[in-house]
Amino acid sequence: MILVLAYSAVLLSFFSGLLGLAMHHRRHLILFSQYWFKKFPGDNHNCRALIIDCLQEKRFPVFLRQAVFVLLGLSGAFAVLAGVGVMIGQGLITDQVSLGLPWLPWHVRFDCLSGFFFLIVGIAVGAVSFYGPGYVNSYQENQHPFAILSLFTGLFVAGMLLVLLADDAFFFMIAWELMSVASYFLVAFQHENPANRRAAFLYLLMAEVGALAIILGFGVLASFAGGFTFDALRESQLSPTWAGIAFMLALLGFGMKAGIVPVHVWLPEAHPVAPSHISALMSGVMLKVALYGLIRFCFDLLGEVHWEWGVVLLILGTLSALGGILYAMMQPNLKRLLAYSSVENVGIIFMVLGLSMIFMANGHPQLAVLGFLAALFHAFNHALFKNLLFLGAGMIHHQTHELNIDMMGGLIKKMPKTGALFLIGCMSISSLPLFNGFVSEWLAFQTALQVDVLDNGVLRSLIPVAAAALALTAALAAACFVKVFGLIFLGQPRSHHCEKAHEVQDNGMLAGPALLAGLCFLFGIFPGPVITLINSVAGQLLGQTLPNDAALGWLWLAPVSTTQASYAPPLVLIGALIAGGVSFWYLRRNPATALRRAETWDCGFGGVTPRMQYSSSAFTMPLRRIFAKVWIIDERIDKDMQGAMDQDVAAVHYHLRIQDHSWPHLYQPVERGVNKLAQLVGRIQTGNIRVYLGYSFVTLIIMLWVVS
């Protein structure tokens, strides 16, 4: 039954894509219906007329959009049911599908790890199904056909779900490529913009390079195994050297898709240009599918993990977390900022996975489970609040036609519901108590604080440094999203569009983010159910669970022991409500301190204007001075002079450009090398037929010599 639900989720997402094509081929459907009713006449004339009228009416596109997203919503619901069902039952379901190669049918495996990521995909797709119908109405059908958007959205979701079900290398790569290629067309959906085409090409290029690395990683395992099924790959006996090579290939392939530094450059280019609900799925879900692939490869297929692998993940995760949030702070584009923030959160997940590997390889399985649990819980939480923030960014863009933070302001008065939902997302991603992001980062710190059980002096020095970097990352994330919320929703409008903005009228566009916001708060107060589900994943994959079930109950968390550290979110909520109630009563009791609405104090300047407000670059200037070496900064002030001998300043122009170090130091040298190699190879193309005949003759002689 559970596997039937999983198959249903895949098929419904696939059919939702096919259904969207009906809008593009409506004329053909009308002709086919007329032909069918003429060939098979009957008494149901009214039914025939109704079908043809429905196809011809203007309401048909609206109905079709809603039907497509209904199917997507059902797909998400079935994915949630299947994932929760397999984790509760701690089951392991296998199957074969008569597709694929003649001698290798598709092998299917649905276990607790797959079920957990099914849950992540299902929740995100369900929220998008509410949000999508209202959002896509803003697209002009002749410029951006809904048929293309719906087709590749369905294939994208189906590809992600199939990756989670794959149990052999061929099936896995087919599903992986389906996910990658479908998302490429979604990134290039608004292809009239050259920047979108460039971002889509960069994404596809790096996706294919990553896929090649994954194929080589599977190839290393298969060369020591008796087949390409995952069961055969698990039995492969690799030397430490070959195991390390396979790990590095998998890290490159899956890390590139996840957006780990330094192979992250496609992510801030591709995510901002896709439609907002697609950006939400890519950043909130697709990155987790890449995380699933790395976990499946390292913890399951490779078998025994080495502490050196954990150190690699810890270092790369630390660089990604700190670098991602520093780059995010400098971005004036809202969606680009959120994309860099995903690099930060993926880095946190990699850090804790590295700690899990280190503890496991050093004989501390309980602490390894704690790190594994913290990593998966943060992946789950990131999927919730990052989807919420991208959908919120879509609503802001939908209403203001702006993504530049410096051109916004004052939207809390124009869009109060959107502001409240976006505020919950900002507090969740900032890891504030009472929200889900705090719980998973607190568990990550608890994992790092157990470093004293290790005997290796290098590790005992490295892990506290990484923990300090994680604390700095959390503080910078809070500052970053104070900037985001403050500049967008507070103050005065900085543009005409923001001044004329109003709340979205489509209830579905609010329902999807509201669902995610509610889950962010719910699992921040009651994280126990999700942690229990992840505990079952750890039990099946690692063979260990956190033993003290009482300390992981609904009231408090004590992952190591109650004497070391504990966190009771319901009690914190009760305390916050009491403190808030007392403060509100005290303010209301004294008329001098009673809450009231008034104009913003202008400091005696005679009226506040939008030009007096902080801009994005001004807000982050102190941090830009402190961490100046992190970026390549081009900052200059140009003055237009006038008057006698150009002594008077007519105008001042401020220019600021911040660039990622990865481009000039990693990617541009590779680009130059490829171009030089292409020029050298191009020299053999002389245009002389005699030279080409000579090439053929020499090749023939060499082949005859080799064959003989």
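The values are calculated or read from the model by the stated rules, or taken from the named source; none is laboratory data. Quick caveat, the model's predicted, so the values are computed rather than measured. All Cβ positions, glycine included, derive from the backbone under ideal geometry; neighbour counts span all protein chains shown.
The residues of segment 231-286 that are touching a residue at least 40 places away in the same chain (Cβ under 8 Å) and among the β-branched types (V, I, T), listed by number, are I260, V261, V263, V265, V273, I278, V285. Kindly check whether there is at least one residue in segment 666-683 that is touching a residue at least 40 places away in the same chain (Cβ under 8 Å) and either of a type in the set (D, E) or surrounded by fewer than 10 Cβ atoms within 10 Å (Cβ to Cβ) (or both). No, because not a single residue in segment 666-683 is touching a residue at least 40 places away in the same chain (Cβ under 8 Å) and either of a type in the set (D, E) or surrounded by fewer than 10 Cβ atoms within 10 Å (Cβ to Cβ) (or both). Residues of segment 631-648 being within 30 Å of D660 (Cα to Cα), out of contact with any Phe, Trp or Tyr (no Cβ under 8 Å at 6 or more places or on another chain) and of a type in the set (A, V, I, L, M), which ones? Residues satisfying the conditions are I632, I633.
For segment 362-376, state whether one or more residues are surrounded by fewer than 24 Cβ atoms within 10 Å (Cβ to Cβ), assigned to a helix (DSSP H, G or I) and at pLDDT below 95. Explain how you work it out, then say what you get.
Filtering segment 362-376 down to residues surrounded by fewer than 24 Cβ atoms within 10 Å (Cβ to Cβ) leaves 362-366.
From the residues that got through so far, the ones that are assigned to a helix (DSSP H, G or I) too are 365-366.
Of the ones still in play, those that are also at pLDDT below 95 are 365-366.
Within segment 362-376 (the criterion being surrounded by fewer than 24 Cβ atoms within 10 Å (Cβ to Cβ), assigned to a helix (DSSP H, G or I) and at pLDDT below 95), the answer is yes, since at least one residue qualifies.
The lone criterion from (1) touching a Gly at 6+ places or on another chain (Cβ under 7 Å); (2) closer than 19 Å to F485 by Cα left unmet by P433 is number (1).
The helices (runs of 4 or more DSSP H) found entirely in segment 415-527 that carry 2 or more residues being modelled with pLDDT of 90 or more are 416-429, 436-448, 457-489, 507-525.
In the condition set (1) at pLDDT below 85; (2) outside any loop (DSSP other than H, G, I, E, B), F69 is compliant with all but (1). When G210 is tested against (1) within 27 Å of Y184 (Cβ to Cβ); (2) without any contact (Cβ under 8 Å) to a residue 60 or more places away in the chain; (3) more than 27 Å from the chain's Cα centre (by Cα), only condition (3) is not met. Considering each residue of segment 576-597 in turn, at least one proves to be out of contact with any strand residue (DSSP E or B) (no Cβ under 6 Å at 6 or more places or on another chain), touching a residue at least 24 places away in the same chain (Cβ under 8 Å) and not basic (K, R). Only one of the listed residues (S114, S129, S75, S98) is hydroxyl-bearing (S, T, Y) and in a strand (DSSP E or B). That residue is S98.
Looking at I632, is it loosely packed, with under 10 Cβ neighbours inside 10 Å, aliphatic (A, V, I, L, M), within 43 Å of the chain's Cα centre (by Cα) and not assigned by TED's automatic domain parsing to the domain that holds I405?
When the stated conditions are applied, I632 does not pass them.
Residue pairs whose Cβ atoms lie under 8 Å apart, sitting 6 or more positions apart in sequence or on different chains, and linking a residue in segment 79-101 that is modelled with pLDDT of 90 or more to a partner that is loosely packed, with under 14 Cβ neighbours inside 10 Å, are G85/M1.
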